[in-house]
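One structure is given here, and the rest of the page talks about it.
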């Protein structure tokens, strides 16, 4: 069973060229043109799907229209002695009218209706790449770096910073001294309060003791006075009698 002939025009038609160096993503453009009066579906496949990123990898090409496909080669360590066997295949199929399910359309399509074109990948290095690699292998002389002399402005800034540091140190010492004075004042205040309380207790005791002594002395005085009166009455009684 013979396959249908490809109706899309591919540019390039045989090779996808990727120009190095390959330490970064390298993109190659593929143009798909539709010279017919019908819509054409397309799908792009590769033998190395992990090495390439294709945008878009499928879609529709309108009648007499064109679609540009970006094929991006991922960074890798290039070995010029390694033989490259990467290939791409562009499958196409006439689309029906209305909405189109591309995945379903390609899965259900008759193989005799599928059209395809194959392209091989070619890696190219710039002409000066080997020379550049040789130059990279040589040791690169280190340039002499002159240490700039400190400017007067820098010296002033350094002096200001030093002065500010000394001022901060002095303020910290003053704060520490004030804290010690505050603690001393608190201790003196507590000591004075304790002394006042003790003095008040002593005054109360001293005032209570004389009152008790006075209360104890009053009965004695009354007794002495009674004895004197009795004695005076006794003497007066003798004289009168």
Those residues of region 78-97 which are loosely packed, with under 10 Cβ neighbours inside 10 Å and under 24 Å from residue 9 (Cα atoms) amount to 85, 97
Note to self: I'd like to know if region 190-205 contains one or more residues that are exposed (fewer than 10 other Cβ atoms within 10 Å of the Cβ), more than 49 Å from the chain's Cα centre (by Cα) and either assigned to a strand (DSSP E or B) or modelled with pLDDT under 60 (or both).
What the structure shows: yes
**Prompt:** With respect to residue 55, is the statement that it is loosely packed, with under 11 Cβ neighbours inside 10 Å, within 27 Å of residue 101 (Cβ to Cβ) and in the same structural domain as residue 113 (by TED's automatic domain parsing) true?
**Reply:** no
Considering region 87-115, residues that are in contact (Cβ under 8 Å) with a residue 60 or more places away in the chain and within 45 Å of the chain's Cα centre (by Cα), and then whichever is farthest from residue 77 (Cα to Cα), we arrive at 102
Residue 137 vs (1) modelled with pLDDT under 65; (2) over 36 Å from the mean Cα position of the chain (by Cα); (3) over 30 Å from residue 80 (Cβ atoms): all pass except (3)
(1) surrounded by 11 or more Cβ atoms within 10 Å (Cβ to Cβ); (2) over 27 Å from residue 127 (Cα atoms); (3) out of contact with any helix residue (DSSP H, G or I) (no Cβ under 6 Å at 6 or more places or on another chain) all hold for residue 50 apart from (1)
### Message
Quick check on region 116-128. Is at least one of its residues modelled with pLDDT under 85, under 44 Å from the mean Cα position of the chain (by Cα) and assigned to a helix (DSSP H, G or I)?
### Response
no
- Query: Any residue at all in region 31-46 that is out of contact with any strand residue (DSSP E or B) (no Cβ under 6 Å at 6 or more places or on another chain), within 17 Å of residue 123 (Cα to Cα), surrounded by 13 or more Cβ atoms within 10 Å (Cβ to Cβ) and assigned by TED's automatic domain parsing to the domain that holds residue 111?
  - Reply: no
For strands (runs of 3 or more DSSP E) lying entirely in region 9-50, having 3 or more residues that are within 22 Å of residue 102 (Cα to Cα) picks out 26-33, 40-46
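The values are calculated or read from the model by the stated rules, or taken from the named source; none is laboratory data. Remember, it's a predicted structure, so these values are computed and weren't measured experimentally. Using ideal geometry, Cβ is built from the backbone for each residue, glycine included, and neighbour counts are taken over all protein chains shown.
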